[in-house]
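Structure, as structure tokens:
Read-outs: derived from the displayed coordinates by stated rules, not from any lab. Remember, predicted model here, so these are calculated numbers, not experimental data. All Cβ positions, glycine included, derive from the backbone under ideal geometry; neighbour counts span all protein chains shown.
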Amino acid sequence: MKHTKTQRKKIAEAFKLALAYLPDNITPCHASPFVCDAICSTSDYDSAELARDVISNRIDDAFSVESWLKRQSDAIADAVRYDVLCNNGYKLQAYRKAWLQSLITEFEA
């Protein structure tokens, strides 16, 4: 979908706020580990809807980045499961954050 310059700016800002809000792991804490939850917790409604639509489109309407990753291959699914169960999801959260950073760069361009 094509976005206007104003929409792209709103989306990039929503991603920036979400990136700062995301925790470093998935253990219970003050914040949800999910990208869309972070977007909704930190952005106004219009910006959040735009940003969430981008996320949903990029992960083919999967529930989360985690579930999208698990659909990519059995080896990736096993690695994600191991990280979540044995490493508090640190690698999964690092992936989410790196992805958000790349989206910020894309939408600021």
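Of the residues Lys16, Lys97, Lys70, the one that moves most in a GNM of the chain with alpha-carbon contacts below 10 Å is Lys70. Between Ser41 and Lys91, residue separation times 0.36 nm minus the direct Cα-Cα distance comes to 15.8 nm.
Taking the Cα atoms only, what angle lies between the long axis of helix 45-58 and the longest principal axis of the chain, rounded to 10 degrees? Taking the Cα atoms of the chain, the angle to 45-58 is about 50 degrees. With each label modelled as a point 7 angstrom along the Cα→C-beta vector, the Asn57-Ala98 pair spans 2.4 nm. Looking at the chain as a GNM with Cα springs under 10 Å, which of Phe34, Phe63, Phe15 has the largest mean-square fluctuation? The residue that fluctuates most here is Phe63.
Of the residues Leu85, Leu17, Leu69, the one that moves most in a GNM of the chain with alpha-carbon contacts below 10 Å is Leu85. Computed from Cα positions, the angle between helix 90-108 and the longest principal axis of the chain comes to roughly 20 degrees. Over all Cα pairs of the chain, how is the pair count split among 10 Å bins, expressed in % and running from 0 up to the last occupied bin? It works out to 15, 47, 30, 8, 0, in whole percents.
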